[in-house]
1. So which residues in the range 692-710 are in contact (Cβ under 8 Å) with a residue 12 or more places away in the chain and more than 22 Å from TYR676 (Cβ to Cβ)?
2. Can you name the condition, by its number, that LEU637 falls short on among (1) more than 17 Å from TYR569 (Cα to Cα); (2) touching a Ser or Thr at 6+ places or on another chain (Cβ under 7 Å)?
3. Would you tally the residues in the range 506-520 being touching a helix residue (DSSP H, G or I) at 6+ places or on another chain (Cβ under 6 Å), open to solvent by 10 Å² or more (accessible area, probe 1.4 Å) and not hydroxyl-bearing (Ser, Thr, Tyr)?
4. Kindly list the number of the only condition in (1) more than 25 Å from TRP641 (Cβ to Cβ); (2) at pLDDT 90 or above; (3) open to solvent by 70 Å² or more (accessible area, probe 1.4 Å) that fails for LYS578.
5. Assuming PHE341 fulfils every condition listed in (1) at pLDDT 80 or above; (2) open to solvent by 30 Å² or more (accessible area, probe 1.4 Å) apart from one, which condition is it?
6. If PHE523 meets every condition in (1) surrounded by 23 or more Cβ atoms within 10 Å (Cβ to Cβ); (2) over 36 Å from the mean Cα position of the chain (by Cα) apart from one, which number is that one?
7. Can you work out which of the residues in the range 156-170 that are open to solvent by less than 60 Å² (accessible area, probe 1.4 Å) and at pLDDT 75 or above is farthest from ARG38 (Cα to Cα)?
8. Only one of these conditions is not met by MET609: (1) touching a helix residue (DSSP H, G or I) at 6+ places or on another chain (Cβ under 6 Å); (2) in contact (Cβ under 8 Å) with a residue 24 or more places away in the chain; (3) not hydroxyl-bearing (Ser, Thr, Tyr). Which number is it?
Amino acid sequence: MARCARGARRPAVPRKRKGGLGVRPLPTAAERDAMETRQLRWDTVAALRTSSKGRLSYCRCWLRDEDVLEGCMSPLELSPYAGWVLDRVIKQTAQEIASSGSSTPKKSTPLANRSSSLEKVTSGSCQGSPPLSSTELSETKGNDDRSFLEMDQEVLQAVLPSKVTEVEGCIRMYEEMHRLKGKEELRQRQEQQEQMVRAVYDLASEQLKRFDELKELKQHQEFQDLQEVMEKSSKEAQGQQEKLKEEHRHRAKVLNLKLREAEQQRQRQEELERLRKEEGQERLRRLYSIQEEVLQLNQQIDPNYRHKDLPRIDLSAYSNRGNQICGLVSGLIRTTSERGFPTQVDVANTERALQEMRGLISSMQQEIAAAVEEKRKRDEEEERQKQQELLKKEQMKAQTPAPAQQSGGKKQKEGLQVKAEESTMQWYQQLQDAAEQCIASFSGLSNCKDNNEVKKIKTELQKAATIPVSQISRIAGSQLREIFDKINNLLSGKSVQSGGRTVSVTQHPQGLDFVYYKLAEKFVNQGEEEVASHRDAAFPIAVVASGIWELHPRVGDLFLAHLHKKCPYSVPFYPALKEGTSMEEYQRMLGYQVKDSKVEEQDHFLKRMSGMIRLYAAIIQLRWPYINKQGAHPHGLNNGWRWLAQMLNMEPLADVTATLLFDFLEVCGNALMKQYQVQFWKMMLLIREEYCPRIEAITSSGQMGSLTRFKQFLEECLQKKEIPLPKGALQPSFWRA
């Protein structure tokens, strides 16, 4: 800015033309115009001098300061007004030259070029170009100075007189000297600063070394102190360790004494436990012997007993009480076996039950003896009458049994049966004989152990018969039909695929009987296992079993044989304990599973029985939908009605009867209601009013769950006059899936 101000104060004097005379002629009109123009220029310079920029003072001592030196080193800049002033000066000069004549037209071209270049420089400087960095400043400083000097010279040669040029040169030289002097002073000051930094660095290095030495010395002292403390603590620790060792030896002695005492205590407890187990086993054997004796005594009570000479004696009351005592003893044994070993109280209860049974037998025998004595007296009286009336004796013999039999029949109605009807037992025995015959018919196939080919055929036939049954579940009707067709084709002698192999019953002469037996057994096993766990599975299994039964009746007979053997309550009948039969065998006859002389739990037993009864109840009401239904069901609802009537004619069993009746009616009750209508509701009332009290009379407090559930089911059905459809029943939409 200072340079711009100084440049503005310089007068724009044109150069002298060469080749003229020494005497100036009188000014012409053009010269007068030029003089006026120069005067205008001086006025402009005077106006610039009085401006804020022109009033700036210039002092040579500023070069000594760093900020002034930095200003000198910065690139030169023109005032924003310099371009406007020079533009006016150059235009007026060009006009004067043009008006003076055409003798020098070519000389205006350099001046115009200069003005254009000056305008570019001025505009570039006035537009506020971005500041240069120090590196760029140092690199371009010389070039900028030279370029500006050349431009100033060219412009001033055209504008300023020679005197002003000399003065300007002197000023430039003086400024250059001061700039070089400032640079030298700056260099010296930088060297001083560098020397000072080096001195400070050396001093800091020496101080750091002293600090490191002091720190090392302090660490060495601390290490020695720590070592002394560690030696002292190690000595104390050794003393403490010796003390602890002594205490440990003392405690070890005490612990050894305690261990010996604990071992002795354990041995005493083991001995007591062994004695308790022995006593428990002894009491358990005592319970079994009491149960066996009670059952044997109960066999002596025959409700159908009729002495040939005592037709009026009715033993049904004794039989009912005997059955109740047997149920009580069985319940006690079952409860104690689940709990562990029986207590002395359990033994006392069973012994009281045995004494009661013995008293019952004694009372029955006394009653029989009294009746015999009465009969003997009556016979003597009749003998006397015979002597008097010989002709009437035969009539008396013929008429005497009739009223006795009638009165005995009335008393029989008061009690219920213990044994199944004779016709039912005959049917049961026929089915078991048929199953034994079937087993004998394929004995060559089942007992073959040496022939690997026969064993392979047996395995493949068993898989082909049982695997499809295992795949039956709540699947779509189309998939169920594929399973049915596969089983039917196998029984019809066609080849089927099983495990990637082709299998047919024609591969062995006994193959068909073997498949009949295994298929029927598998159906029963599914009821025992799958239906017991998933009650909805009863219906798809039952519909397939019913269809196979209808097409192959022998499978149905074998199914009933397996079912009756595993679940005798499906006949129904209660196996009696025969003389010479062990308790384990008798439990198996009742349907219990016995493994390693251990009887299964009651809940598991009831669950299996429930699954098989549910499967049976589903079979008697379902038929395979893709078979001609003109014929009757091979084992229809009439068999369910027969089973229900016979169950109600027999003495109930605690926990078992209520569970099976509930499962049967829940699955088959809706179908029986639609088939028998009024008669069915009469039977439901009979169950609620007469049969449930009999069940409750023999049921202990811990076995009331199944009875309570059955009674609630009866009450709901009788109130609504409706038996709901069983859960999982097959709807028409099932077969369209």
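1. ARG694, ILE695, ALA697, ILE698, THR699, SER700, GLY702, GLN703, SER706, LEU707, ARG709
2. (2)
3. 6
4. It is condition (2) that LYS578 fails.
5. (1)
6. Condition (2) is where PHE523 drops out.
7. Filtering the range 156-170 for residues that are open to solvent by less than 60 Å² (accessible area, probe 1.4 Å) and at pLDDT 75 or above, the one farthest from ARG38 (Cα to Cα) comes out as GLY169.
8. The single condition MET609 does not satisfy is (1).
The values are calculated or read from the model by the stated rules, or taken from the named source; none is laboratory data. Computed from a prediction, not measured in an experiment: that's the story for all the values here. Methodologically, a virtual Cβ is constructed for each residue, glycine included, from the backbone with ideal geometry; neighbour enumeration extends over all protein chains shown. Accessible surface is based on the protein model in full, side chains and every heavy atom, while ligands, DNA and RNA are left aside. Shrake-Rupley method; radii C 1.70, N 1.55, O 1.52, S 1.80 Å.
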